[in-house]
Amino acid sequence: MRLLNVKPIKLEYFADNVPRYAILSHTWEEEEVTFQDMEQGRAKDRMGYAKIAKIQNCCSVAREDGYNYVWIDTCCIDKTSSAELTEAINSMYRYYQKAEVCYSFLSDISSASEFPQTKWFTRGWTLQELIAPLRMNFFNKEWQQLGRKESLGDKISVRTGVPQSILSRRENLESASIAQRMSWAAGRKTTRPEDRAYSLMGIFDINMPLLYGEGHKAFIRLQEEILRVSDDHSIFAWKHSGTRSGGGILAETPDAFKGSENIISWNPLTPYNSSFTLTNKGVHLDAPFVAQAEGGLGLMVLHCAEVGSKDRLIGIYLRDPFLTMEHFERCRSEEFALINLGQFSPSQYPARSLCVRLQGMASSQIKGRAISKDHELQPPHPIKGEQNSVTDGVGNAANGDQEKDPQQRLPLAVLGGNEAVVKELLALPNIDADSRNENERTSLSLAAEAGHEHVVDLLLNRREVDINSRDKDGFSPLAHAAARGHEKVVWIPLARSDIVPGSQDVWKRTIVSIAALCGHKNLVRQLLARKDTQRHLIDGGGRSVLSHASDTGQEEVARMILGTGKVHPDLRDQDGRSALWYASTNGHTGLVKLLLETGWVDPTSKDNYDSTAVWQAACNGHCPAVELLLTQHANFEIKGEHGRSPLCQASANGHTDVVKELLNCNADAEAKDEDGATALWHAATRGYDSIVKMLLERGAYPNVRGVDRQTGLWHACQKGYDAIASLLLKKRGTS
């Protein structure tokens, strides 16, 4: 450590056994006395003694206070040596912390009344110079003392936001959350943008190399280093309406923490916070995630709250752009959400492992992703048992990832829709355009699902790319595009001779079937118009496109299909099920009405397991569908699974409205299933007292025995259904 001897004024170096010293805090002017000036005796030539006066006055005050040495940043560091500069900046907080006293020279004010207005409070470096030393004396431009840190503590605290307990060391600096410490730096300025981060290293006890020229990335790097040693979620508790975060969870500047001065670390949900893990895909952490109504949008519940409001945790908005629950990005960064713990169920929303992008994309990268905006907001495929597994590439965009292996950069560029970068990568030798990820997804598959038609076209021009490749879920690139409704992308491969338009996934669904069940009306219309898709309107399971549309409630698609006359409304699949059967099963009343109006469907026909459309609607409690079917004089006594009538099955499942509707149509309350049980027996054994009451009022016999040869009354007594037992006993007494 290099110190300035106050008499005579000269520099001395101490490797160890550093003597007691005072230290200067000041704002730099246009020219300052440097290390080279002191070494070469040029100090007095600087600005006609104006700058040497600052050093002389500092030394004079130190001598009066009994100190032989002072440390002044302008002349005690050889800034021409990058190694020395790095060491000094990494050690600077400690220099101020170990000083006997700090002299703060306020060159722009004369009196104590001007104290809050001094520019000293606006500079980045002076924050650590304020916090680190225990003793601090403030001087005006005439070097007259204005007061000490302890006497001016209230004014300092109001002006800076730093609590007096921190200033006086009654509390450790570490007791303040990351968000609180960052908030103290909001609004402060430095000459070089990197110094906004470097001036905070000591406040967070971080050491890192200096990279002048990296600009605002220095602050991102500082936060990454903090994440490696801290588990404080408040580092994510920033908001900034003016920031172009591009999906990054880390703030661009300390200004984003303005207003976070009252945010503290607080975790009432688990005994401790799990540590953060940093990878090239982002930060991995455990936190509750509450999905919102909009596709892919949700709240990550942070383990922090505002002072005085520990009953409300802070939530930040994240988006799952590919709907995989594997990779997230921050959105709506201008706002927080408050999670009321009184209404929050940790068991319903337990902490889960999340991976969130660290840095935002550059504006050029965001522009490259604009094509896939609709894809990000689209709801997940309504396909049972399927997972949309775009698991690669949610991280730094390809053109910001120059250090990555080209083979790794390709899927990133593909996902970003960056045609120029994809073209550049495909031109490289030894690049495999058809390589697969851990889910057997190729770049073509990813591009097709994301809807990047120009990238799809580029990839299809490569000989090695297999247009009919399948991922681990049996989905081809064309199937992914169809599921997302990307009409242009679907059309590109269909123009080729090597495509298999009738290819099926593991559920035997064709391209047009997938488009129909996902409700993509225009795409279905275009596919129906093609000659090469006509023989694929029925898939490998015998299901028609109308059947798939009816299954998921796509009424407009079904209406359009019926209008073409290419599919019979009552076509049955391998299980004997029609479009009406699927619509009734899922309660799609509009579709039930539409199909009945064709006059071609039979609501009484059974599937291979003896259930009719009426039976399915009754079983699942879809009363409006039951009513519609009954208006067509559908036979409501036809028995289905286990020999149960629709009334019997509705009673067993507790569907009161359906039971009432069937009884109003004079359904047989005494009809028995294959075990001899009636509707009353099933309702009584399951505790549905309102249904029991209705059936008894219609004259249902109370003493029927079921499969176990016991009566409904016996079961009601055994299970504590007192109301039902009372109803049955009363009926027994009168019958």
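Where a number appears in this text, it was derived from the coordinates with a stated rule and is not lab data. Note that the structure is a prediction, hence the values are computed from the model and not measured. Here Cβ is always computed from backbone atoms with ideal geometry, including for glycine, and neighbour counts include all displayed protein chains.
Note on the range 2-175: with charges restricted to the Cβ of Lys and Arg (+1) and Asp and Glu (-1), its dipole about the Cα centre is near 340 debye.
For a paramagnetic label modelled on E214 (point 7 Å from Cα along Cα→Cβ), amide N atoms under 19 Å away belong, within the range 119-150, to 125.
Take each peptide in 80-90, 678-688, count the other Cβ atoms within 10 Å of every residue, and average; sorted highest first, the result is 678-688, 80-90.
Working from label points 7 Å from Cα in the Cα-to-Cβ sense, the K730 to A671 distance is 2.8 nm. Karplus-based coupling profile of the range 117-122, in residue order and whole Hz: 8, 5, 5, 4, 6, 9, with θ = phi - 60° in 6.51 cos²θ - 1.76 cosθ + 1.60 and x standing for Gly or Pro. At q = 0.08 Å⁻¹ the log10 of I(q)/I(0) for the chain amounts to -0.83, computed by Debye summation with a single uniform scatterer per C-alpha, solvent ignored.
Mean Kyte-Doolittle of at least 0.5 plus a Cα span of 27 Å or more along the axis: flag which DSSP H helices in the chain meet both, please.
Both cut-offs are met by no helix.
Three principal axis extents describe the C-alpha atoms of the range 2-175; from largest down they are 44, 34, 30 Å. The packing ranking, built from the mean of other Cβ atoms within 10 Å per residue, places the peptides 212-221, 444-453 in the order 444-453, 212-221, highest first. Here's the list of aspartates and glutamates a cross-link from K10 could span, going by alpha-carbon distance under 15 Å and ignoring same-chain residues fewer than 8 apart: D37, E39, D73, D78. Relative protection proxy for 299-308, 560-569, 626-635, 109-118, from highest mean packing down: 299-308, 626-635, 560-569, 109-118 (other beta-carbon atoms within 10 angstrom).
Return the aspartates and glutamates within reach of K593: Cα separation strictly under 17 angstrom, same-chain partners fewer than 8 residues apart disregarded; answer none if there are no such residues. Within reach: D551, E555, E556, D570, D602, E627.
About the Cα centre of the chain, what is the dipole size in debye to 20, counting +1 per Lys and Arg Cβ and -1 per Asp and Glu Cβ, all else neutral?
880 debye
Between the residues L358, T589, N262, the greatest Cα displacement towards the positive end of the dipole of the chain, with unit charges on the Cβ of Lys, Arg, Asp and Glu, is found for N262. Just want the answer: with Cβ charges of +1 for Lys and Arg and -1 for Asp and Glu, which residue in Y95, S443, L628 is farthest toward the dipole's positive end in the chain? Among Y95, S443, L628, the one farthest towards the positive end of the dipole of the chain is Y95.
The gain in end-to-end length when the Q164 to A427 segment is fully stretched comes to 88.5 nm, 0.36 nm per residue minus the alpha carbon separation. Summary value for the chain: 5 percent relative contact order, contacts being C-alpha pairs under 8 angstrom separated by 6+ residues.
With the helix formula -39500 (n - 2.57) applied to DSSP H stretches of n ≥ 4, the chain reaches a computed 222 nm mean residue ellipticity of -10000 deg cm²/dmol.
Quick one: of K508/K566; K639/K660; K7/K149; K149/K239, which pairs are farther than 22 Å apart, Cα to Cα? Pairs exceeding 22 Å: K7/K149; K149/K239. In this Cβ point-charge picture (+1 for Lys and Arg, -1 for Asp and Glu), the range 546-692 has a dipole of about 200 debye about its Cα centre. Residues in the range 572-585 carry Karplus couplings, in order, of 9, 8, 5, 9, x, 9, 9, 4, 5, 4, 5, 5, 5, 4 Hz; the curve used is 6.51 cos²θ - 1.76 cosθ + 1.60 with θ = phi - 60°, and Gly or Pro positions show x.
Determine the distance separating the Cα centre of the range 417-449 from the Cα centre of the range 458-493; give it in Å without decimals. The two parts, judged by their Cα centres, are 12 Å apart. Could you work out how far apart the two model spin labels at L85 and D602 are, taking each label as a point 7 Å from the Cα in the direction of the beta carbon, and quote it in nm? Result for the modelled spin labels: 8.9 nm.
Since only G342, F115, Q554 are under comparison, the one whose Cα sits farthest along the positive direction of the charge dipole of the chain, derived from C-beta charges on Lys, Arg, Asp and Glu, is F115.
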